[in-house]
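Encoded as structure tokens, the structure appears first; notes follow it.
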Amino acid sequence: MDYKGYTVYENNTGIEIEGVRDFDLMHIFDCGQSFRWLKQHDGSYMGVVGDKVSRVKFENEKLHISNSNFDDFINIWYDYFDLGTDYGEIKKTLCSKDDVMAQAIPFGQGIRLLRQDIWELLISFIISANNRIPRIMKSVETLSQSFGSKISTEEGEFYTFPSPEALSSCPINEIDICKAGFRCKYISQTSKMVRNGVVDLDTLKNMETDKARGELIKLSGVGPKVADCILLFSGTKFDVFPTDVWIKRILEVLYFKREATLKEIDQFSKKHFGSLAGYAQQYLFFFARETRIR
DNA sequence: CTGCAGGCCGGCG
DNA sequence: CGCCGGCCTGCA
């Protein structure tokens, strides 16, 4: 099957997509945008997207996705992996902006911004505050095992991410088992707020970026950084610039040449990178982590 | 034993 | 408003 520039083959193990460029699974899954893809010994990744469990492999511009057919490619994966965006063009534009980007981009040449479920991201990034990535992954997994739906496969049992209804209806002391500490009460409160329609996650895409950010910040445990992560990694807004300690440090070292406030960084990113701020953030974040700049 | 991690909240000046 | 202390938990 040919679909929007890609050739897709289907067999009994899944689908294979040819002609995938600017794509590297490690860059995609190890740049902090997703917490539910686990690297396997053979270099592939296993993950749960919605109620689907799949294994993905990539080599020689060919992307293999298990447990999937043509319809899944069109309805799920094409959008999920942002295959409709020309990252070659984005990288070219960003490289021409300044020497820092030209230096950073080759480190994460295969980065893609995943379009993930915004509800799952909301809870995942509430957990991320002042936390470490391995612990965030454990908490998300425990929440899924405890309150999600079981998916039995030949490769083991997996769990969907729990719905707003499931999380909002369980008492706070049950949320505590995910070991997210003080963030558990944020999870509980935010679940109730979403269920009650205080914030409608589906309408954020139609708002101006600042308005959408303001809506998310109404939720418990969501500040500016977490809000920007949610907007960016759900594919809702791309002109945001989530500034965590790594991004702050790398901008201070490579751009400002001095200490800078979060407000200064926010203003700089919007002025300098404009509509590509979110993409620039990902390349800089990966570069910062890889080179351990401090 | 201290220090600290992909920030946020709440209280204070 | 802007600033700053405290914070679950677990690992170094």
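Suppose a student asked you for the relative contact order of segment A:85-203, using Cα pairs under 8 Å spaced at least 6 residues apart; what percent would you report?
Over segment A:85-203, the number comes to 19 percent.
Only residues of segment A:131-175 count here: report those whose backbone N is under 16 Å from the spot 7 Å along Cα→Cβ of A:V253, or say none.
Of the residues in segment A:131-175, none has backbone N under 16 Å from the label point off A:V253.
Holding the Cα-Cα limit at 25 Å, pick out from A:K92/A:K271; A:K39/A:K179; A:K39/A:K270; A:K185/A:K218 the pairs that are longer than that.
In this structure, A:K39/A:K270 lie more than 25 Å apart at Cα.
Got a sec to turn the phi values of segment A:266-278 into Karplus ³J(HN,Hα) couplings, 6.51 cos²θ - 1.76 cosθ + 1.60 with θ = phi - 60°, whole Hz, x for Gly and Pro?
4, 5, 4, 4, 5, 6, 7, 9, x, 5, 9, 4, x
Enumerate the amide H contacts of A:I151 below 5 Å, restricted to partners 5 or more residues apart or on another chain; note that Pro and chain-start residues carry no placed amide H.
Residues meeting the criterion, in which the H sits 1.01 Å from N, are A:F158, A:Y159, A:T160.
Below 11 angstrom from the Cβ of A:R183, what's the summed charge of the other residues (Lys, Arg +1; Asp, Glu -1)?
Net of charged neighbours comes to +2.
Loop-only check: which trypsin sites (Lys or Arg not before Pro) in segment A:94-178 are DSSP coil with at most 12 other Cβ within 10 angstrom?
A:R132
How high is the FRET efficiency between A:N75 and A:S146 when r is their beta carbon distance and R₀ equals 30 Å, given to the nearest 0.05?
Once rounded, the FRET efficiency stands at 0.60.
Out of the trypsin sites (Lys or Arg not before Pro) in segment A:1-81, which ones are loop residues according to DSSP with at most 15 other C-beta atoms within 10 Å?
A:K4, A:R21
Return the distance in nm (one decimal) between the two label points of a simple spin-label model at A:D99 and A:E290, each offset 7 Å from Cα along Cα→Cβ.
Those two pseudo-labels are separated by 1.9 nm.
How charged is the neighbourhood of A:R115? Take every other residue with its Cβ under 13 Å from the Cβ of A:R115, and add Lys/Arg as +1 and Asp/Glu as -1.
Computed value for this residue: -1.
Provide the FRET efficiency to the nearest 0.05 for the A:R195-A:N131 pair, computing r from the beta carbons and using R0 = 25 Å.
My answer for the efficiency is 0.55.
To check my understanding: the extent here is largest minus smallest coordinate of the Cα atoms along each principal axis. What are those three numbers for chain A, in Å, largest first?
Dimensions of chain A along the principal axes of its Cα atoms: 52, 47, 36 Å.
Kindly write out, for segment A:218-229 in residue order, the coupling ³J(HN,Hα) from the Karplus curve 6.51 cos²θ - 1.76 cosθ + 1.60 (θ = phi - 60°), rounded to whole Hz, with x marking Gly and Pro.
Along segment A:218-229, the couplings run 4, 7, 5, x, 10, x, x, 5, 4, 4, 5, 4 Hz.
For segment A:199-209, just list the computed ³J(HN,Hα) in residue order, Karplus coefficients 6.51, -1.76 and 1.60, θ = phi - 60°, integers in Hz, with x standing in for Gly and Pro.
10, 9, 5, 6, 9, 4, 4, 8, 9, 4, 4
Would you pull out the residues with amide H under 5 Å of A:Q40's amide H, same chain only if 5 or more places away, H placed 1.01 Å from N?
A:Y45, A:M46
If we count every other residue with Cβ under 10 angstrom of A:G274's Cβ, Lys/Arg +1 and Asp/Glu -1, where does the sum land?
+2
Amide H to amide H under 5 Å from A:S220: which residues, 5+ apart in sequence or cross-chain, H placed 1.01 Å off N in plane?
Result for A:S220 returns A:T190.
Given R₀ = 35 Å, FRET efficiency for A:D86-A:F182 by Cβ-Cβ distance, to 0.05?
Computed FRET efficiency for A:D86 and A:F182 comes out at 0.25.
Among the chymotrypsin sites (Phe, Trp or Tyr not before Pro) within segment A:153-220, which fall in a DSSP loop and have no more than 10 other Cβ atoms within 10 Å of their own Cβ?
Listed in order of number, the matching sites are A:F182.
Longest segment of chain A with no GluC sites (Glu not before Pro) in a DSSP loop having at most 15 other Cβ atoms within 10 Å?
A:62-153
We did not get these values from a lab; they are worked out from the coordinates using the rules stated. Please read these numbers as outputs of a predicted model, since none were measured by experiment. Note: ideal-geometry Cβ built from the backbone for every residue, glycine included; neighbour counts use all protein chains shown.
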